[in-house]
1. Could you go through the range 315-326 and let me know if any residue there is over 24 Å from ALA59 (Cα atoms) and under 14 Å from the mean Cα position of the chain (by Cα).
2. Give the residue, chosen from VAL207, VAL259, that is farther than 30 Å from ILE403 by Cα, modelled with pLDDT under 95 and open to solvent by less than 30 Å² (accessible area, probe 1.4 Å).
3. In the range 401-423, what count of residues is obtained for those that are without any contact (Cβ under 8 Å) to a residue 24 or more places away in the chain and open to solvent by 40 Å² or more (accessible area, probe 1.4 Å)?
4. Within the range 272-287, identify whether any single residue is over 14 Å from VAL324 (Cβ atoms), open to solvent by less than 50 Å² (accessible area, probe 1.4 Å) and modelled with pLDDT under 95, and answer yes or no.
5. So for the range 60-79 (the condition being without any contact (Cβ under 8 Å) to a residue 24 or more places away in the chain, part of a strand (DSSP E or B), out of contact with any Lys or Arg (no Cβ under 8 Å at 6 or more places or on another chain) and farther than 24 Å from PHE114 by Cα), does at least one residue qualify?
6. Kindly indicate whether THR241 is within 18 Å of VAL195 (Cβ to Cβ) and either open to solvent by 50 Å² or more (accessible area, probe 1.4 Å) or not hydrophobic (A, V, I, L, M, F, W, C) (or both).
7. Looking at the range 354-374 only, could you name the residues that are open to solvent by 60 Å² or more (accessible area, probe 1.4 Å), under 23 Å from the mean Cα position of the chain (by Cα) and in contact (Cβ under 8 Å) with a residue 24 or more places away in the chain?
Amino acid sequence: MTLDRTQDLPDRQTLLIRDGLVVAMDDHDPQPVDILIDDGAIVEIGPNVHSNNATVIDASSHFVLPGFIDTHWHLWNSLLRGTVGDAPDRDYFTVKRSLAPHHDVSDFYWAARFGLAEAVDAGFTTVHNWDHNVRNADDVDANISAHLDAGLRGRFSYGPRDNSGSEEPMDLHGVQSMLRRWTPDLLDGRITFGVALRGPYRTTPEVYREEWRYARAAKLPITMHCDRCLRERGCKSCGLTLLDSEGLLGPDVQIVHAVHASTEDLAALTRTGTTVSLSPVTELQTMGFPQVSELIAAGIQTSFSIDTLAMPTTADVFTALRTVLSVERARTGSTDITARKLLRMFTIEAADGLGLADSTGSIAIGKRADIILIRQDPNLLPVGDPFETLVYNGRTDNVKTVIADGRILKHDGALTQPSVRDIGSIAQSRRDAIVARAAAAGHWQS
């Protein structure tokens, strides 16, 4: 089908970010320098940079950071915000399974645009779109088109239809078709692909082995949930040692949550170079305590993610990081989890986990211009250590400018794309229509 896209992405510009306190997320301490951007790339960094044709962005009284990077986000169910709630029959998993079949392809497009608009507003410039409700090629095209139209960098991980049976394999022919349709020239250098697999906890050996074999033959990175095992079935592991024994872990595999990973599981992750994405706020709500300290102590490459807008959460990096900091100090008594470490887990370490560290995640000459400006409003003053100031006191509304791949997507606190200025109303009407269709089919009771 033909998707009704809204394409109003601003052009890349030659930009000169002047007089900001640059927190580059590299080995250097924050320093006041200028940044010159041309054709979407960082071409010069230093004091008193000059350009005759650049648009100057005054960054005085601002922190200048690389854009935040999310490593696991279910964009497809963003419209379920406001439907998930406290009642037993309104928990996330019940709502998702009831309403997932009643999304049409335009819902998937606008769900992704809604989630990505909130991402831009919060300072994200890269999002891993973890799609575990792929029904057909139209769904895939809607998600990829939305990501391109939103202007962000990211990965699209093709997954199964929601609530697929354990013996039902994922549509691997659909994956191959996606790769044929979406050639590099259509992706603007911003989108890569992966697969979201269910693994031994949720599928039979025949299914997960074949899916792994296909992914590795196609050289596609793999991501897998290891989440509610303990609460759902009382098991003490999500099968990570089993995957290890079959040679299925490795640097091409990302495990999401790993809340109930055993000591043996953690050792397997360390030994194989497997990475982990944590979603602290949603994990605390539905799974248990994220093992932040244990993962870091084991030397496992670990990053953070928002997970979903359907649960009681937002794309608020600062609240997530303060939550981690507070929980870890209460849970372990350790002060090893520092503000600097946490910010790196939403930037350069997240980029490394997605294989994008050569392009983004820090501010360096030659990298793509994924940069955010955070104004030093009264809640961020006085400034001591910039990392501690940001993590301890930051708010999303301090993010004033967002530049993704050289395009200004947020300026002076406002989103620049007209298509998303009324995104909340679009989300509301589409959410209401989904609920109405489900109710008419007898799958939902208001």
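The values are calculated or read from the model by the stated rules, or taken from the named source; none is laboratory data. In this text the structure is predicted, and so the values were computed from the model without any measurement. Methodologically, a virtual Cβ is constructed for each residue, glycine included, from the backbone with ideal geometry; neighbour enumeration extends over all protein chains shown. SASA here: full protein model, heavy atoms, side chains in, ligands and nucleic acids out. Shrake-Rupley method; radii C 1.70, N 1.55, O 1.52, S 1.80 Å.
1. yes
2. VAL259
3. 5
4. yes
5. No, the range 60-79 has no match at all.
6. Judged against the criteria, THR241 is not a match.
7. GLY355, ARG368
One line per residue, one yes/no per condition, for (1) over 20 Å from ILE408 (Cα atoms); (2) open to solvent by less than 50 Å² (accessible area, probe 1.4 Å); (3) part of a strand (DSSP E or B):
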{"position": "LEU3", "(1), (2), (3)": "yes, yes, no"}
{"position": "GLN13", "(1), (2), (3)": "no, no, no"}
{"position": "LEU21", "(1), (2), (3)": "no, yes, yes"}
{"position": "ASP27", "(1), (2), (3)": "yes, no, no"}
{"position": "ASP34", "(1), (2), (3)": "no, yes, yes"}
{"position": "GLU44", "(1), (2), (3)": "no, no, yes"}
{"position": "ASN48", "(1), (2), (3)": "yes, no, no"}
